[in-house]
Amino acid sequence: MGHLSPFYEKNFECLLCKNKFTSLKIRSSYVKVDFYDKDFCPNYKSKEINPVLYNIYVCPHCGFSFSDEFSKYIVPAIKEELNKKVSMHWKTQDFGHERSIQQAINAYKLASYCAVIKREKKVTLAGVFLRIAWLYRMNEDEQEQRFLQMAVQEYINSYVNDDFRGSQMSELKILYLIAELLRRTGQYKEAVFYFSKVLEKQASASERTIVEMARDQWNEMRNVMNQA
């Protein structure tokens, strides 16, 4: 009996050109998380068996790149814009095989460009930027800070405009993430403000773990700021 690979091919239809293609995914039974960072970044026991590397699907035919969080419909005017700005400049590449961290970063950057043109929800774009930051963190690259700042700005826009409603992101979680990303980018006063907003909602909150994480971070930051 042959050894079962951690990887398998999944079939996709491009949202833009409607061509079929395959992209690798990882079998859940092989995924082993060691621990999570405070911004929910998973640290896997194996660097190679990392689902974050494969969350973006890149159409080899037209270059349109997307994740499961993207809305499926593209209005005709935006299809035309995507064809002009993405497909007409696309040089055929195949992202459907095993990816290095840099190849995954390239796939996410393509997806962020497509998301902006497609007018995806701010919460979706923020999630793409956050995962780019995580990938740079794995390489201990200073570019992580740049993408954390881009992510937190989009999360704030999402929260202010209520566009996270209907997504997998709860109000408590987005407030916590905004606070934690502000903390990681050195915006401490703003971070304390958003951590406080999480704690204000604790009485009615069902996500107790997030409340506890916010309380820990809030207390730690208050101590640091008082000492400073």
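The values are calculated or read from the model by the stated rules, or taken from the named source; none is laboratory data. As the structure is a computational prediction, the values presented were derived from the model and not from experiment. All Cβ positions, even for glycine, are placed from backbone atoms using ideal geometry, and neighbour counts span all protein chains on display. In case anyone asks, the SASA skips ligands and DNA or RNA and just uses the protein heavy atoms, side chains included. Shrake-Rupley method; radii C 1.70, N 1.55, O 1.52, S 1.80 Å.
Computed values, structure above
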item: Loop sites in the stretch 64-144: trypsin sites (Lys or Arg not before Pro), DSSP, at most 11 other Cβ within 10 Å; result: Lys72, Lys91
item: Sulfur and carbon atoms: percent of accessible area, the stretch 64-202 [1.4 Å]; result: 49
item: Accessible surface of the stretch 1-55, 1.4 Å probe, proportion on carbon and sulfur as whole %; result: 52
item: Top of His89, His97, His61 by mean-square fluctuation, Gaussian network on the chain, Cα under 10 Å; result: His89
item: Mean Cα-pair separation over length for the stretch 1-74, i.e. relative contact order, pairs under 8 Å, 6 or more apart, %; result: 27
item: Computed magnitude of the charge dipole of the stretch 105-157 (debye, nearest 20; Cβ of K, R +1, Cβ of D, E -1); result: 340
item: Shape call, the stretch 82-150: gyration tensor on alpha carbons, a/c limit 1.5; result: oblate
item: Under 28 Å from Lys118, Cα to Cα: lysines that are on another chain or at least 8 residues apart; result: Lys10, Lys18, Lys20, Lys25, Lys72, Lys79, Lys84, Lys85, Lys91, Lys109, Lys173
item: Local electrostatic count, Cys14, Cβ distance below 15 Å [Lys/Arg +1, Asp/Glu -1]; result: +3
item: Accessible area (Å², per residue) of the chain, counting only protein heavy atoms and a probe of 1.4 Å; result: 54
item: Percent of Cα-Cα distances greater than 17 Å, calculated over the stretch 163-228; result: 37
item: Read-out Rg and Dmax of the Cα atoms in Å, derived from the coordinates shown; its label in [x] 17.7, 58; [y] 20.0, 64; [z] 19.0, 63; result: [z]
item: Contact order normalised by residue count of the chain, Cα under 8 Å, 6+ apart, percent; result: 13
item: Average Cα contact separation per residue, the stretch 14-125, under 8 Å, 6 or more apart, as relative contact order %; result: 29
